[in-house]
1. Give me the pairs, please: first residue somewhere in the stretch 20-37 and closer than 13 Å to Glu86 by Cβ, second residue anywhere and of a type in the set (Ser, Thr, Tyr) and part of a helix (DSSP H, G or I), beta-carbon distance under 8 Å, and either six or more positions apart or on two chains.
2. Of all residues in the stretch 53-79, count the ones that are under 15 Å from Leu21 (Cβ atoms) and either crowded, with 18+ Cβ neighbours inside 10 Å or not β-branched (Val, Ile, Thr) (or both).
3. Pull up the stretch 74-105, narrow it to residues that are part of a loop (DSSP other than H, G, I, E, B) and of a type in the set (Ser, Thr, Tyr), then point me to the one that is nearest to Ala8 (Cα to Cα).
4. Name the pairs whose Cβ atoms lie under 7 Å apart, with the first residue in the stretch 86-105 and loosely packed, with under 13 Cβ neighbours inside 10 Å, the second charged (D, E, K, R), and 6 or more positions between them or separate chains?
5. Looking at Gly59, is it assigned to a loop (DSSP other than H, G, I, E, B) and either charged (D, E, K, R) or touching a residue at least 24 places away in the same chain (Cβ under 8 Å) (or both)?
6. What is the residue count in the stretch 35-52 for residues that are open to solvent by 100 Å² or more (accessible area, probe 1.4 Å) and closer than 16 Å to Ser75 by Cβ?
7. Any idea which residue in the stretch 16-33 is surrounded by the most Cβ atoms within 10 Å (Cβ to Cβ), counting only those that are outside any helix (DSSP H, G or I) and out of contact with any helix residue (DSSP H, G or I) (no Cβ under 9 Å at 6 or more places or on another chain)?
8. Tally up the residues in the stretch 77-92 that are of a type outside the set (Ser, Thr, Tyr) and more than 14 Å from the chain's Cα centre (by Cα), please.
Amino acid sequence: MTGEDSSAGQHILFVRITSDLGQEELIRRMSERFGSFDDVHGLVEKRFGLDEETGDICGAYVFEDRPSLDAYLSSPLAKAIAQTYEASEVRREVYANLHSVTGTG
C-alpha cells in the first residue's frame, strides 16, 4: 500500500469484550443496541458475536473508510461499550480491508 492513502477504502473494526455478566444478560444488552447502529455514518455492516468457550462477546464492523470508523470510535455509542457490558476488558483492533469475498451458500 506504499504511496496510497491509508484512510481511503473500507476499514474493519473488531471489538472483543470480556465481562463477568452471564451469557443471557450479555445477549439481552446486545439486542437492545441493534437499532442504535442504523444511523452510524459510513457503517456498511455490523455483526455481533459470542465466543462460546470463554463467554466473551464481539462486534465486527465494516466502515466505508477510516474517517467514518474514527468518527464512530469518538461517538457516545462507542464510548458506552465498556459501561453497557460492565466490561473488565475491551480490546479494539482496526484493519484496512484488503479484499472481500461473499459466499454463495
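1. Correct list of pairs: Arg29/Thr84.
2. Looking only at that region, the number is 4.
3. Checking each candidate, the answer is Ser100.
4. Qualifying pairs under 7 Å: Ser88/Asp20; Arg91/Arg16.
5. no
6. Of the residues in the stretch 35-52, 3 are open to solvent by 100 Å² or more (accessible area, probe 1.4 Å) and closer than 16 Å to Ser75 by Cβ.
7. Arg16
8. Looking only at the stretch 77-92, we keep the residues that are of a type outside the set (Ser, Thr, Tyr), and these are 77-83, 86-87, 89-92.
Subsequent filtering for residues that are more than 14 Å from the chain's Cα centre (by Cα) retains 83, 86-87, 89.
Counting residues in the stretch 77-92 that are of a type outside the set (Ser, Thr, Tyr) and more than 14 Å from the chain's Cα centre (by Cα) gives 4.
The values are calculated or read from the model by the stated rules, or taken from the named source; none is laboratory data. Just so you know, these numbers come straight off a predicted model, no measurement behind them. FYI the Cβ positions are ideal-geometry reconstructions off the backbone, even for glycines, and counts take in every protein chain you see. With ligands, DNA and RNA removed, areas are computed over all heavy atoms of the protein, side chains included. Shrake-Rupley method; radii C 1.70, N 1.55, O 1.52, S 1.80 Å.
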